[in-house]
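Undergrad: Here it is: the structure, laid out below.
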């Protein structure tokens, strides 16, 4: 079994999306993470927050934070899927402290607007 790294993934979803659609995006991300021996340790829903600046004409977004352990390939797949999902405004994944590196390192970022 390959070594699992610890990651934190922050996802911002559009504020005008229905709850069922938001849940579908989150479930898809969870499914990808757990499919290949990944382990989700925590999912934190921060709710609807005002953005510091508009992103794609949106002034607010729903914030979610995932903490999980997975293979690097799994992280690549979940960020690929989030990158092509219309309801996702932004996302960012970082390697969590204590996962082999001295400091958190950028694992993947969102596409630029």
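All of the numbers you see were taken from the coordinates with simple rules; none came from a lab. Bear in mind the structure is a predicted one, so any value in this text is a computation, not a measurement. FYI the Cβ positions are ideal-geometry reconstructions off the backbone, even for glycines, and counts take in every protein chain you see.
Undergrad: With the condition being in contact (Cβ under 8 Å) with a residue 40 or more places away in the chain and surrounded by 14 or more Cβ atoms within 10 Å (Cβ to Cβ), I'd like the strands (runs of 3 or more DSSP E) fully within segment 2-72 carrying at least 3 qualifying residues.
TA: The strands (runs of 3 or more DSSP E) meeting that bar are 5-14, 58-70.
Undergrad: Could I ask something else about it? Looking at the structure I just gave you, is residue 76 touching a helix residue (DSSP H, G or I) at 6+ places or on another chain (Cβ under 6 Å) and part of a helix (DSSP H, G or I)? Working first, answer last.
TA: Details: touching a helix residue (DSSP H, G or I) at 6+ places or on another chain (Cβ under 6 Å): no; part of a helix (DSSP H, G or I): yes.
So residue 76 does not fit the description; no.
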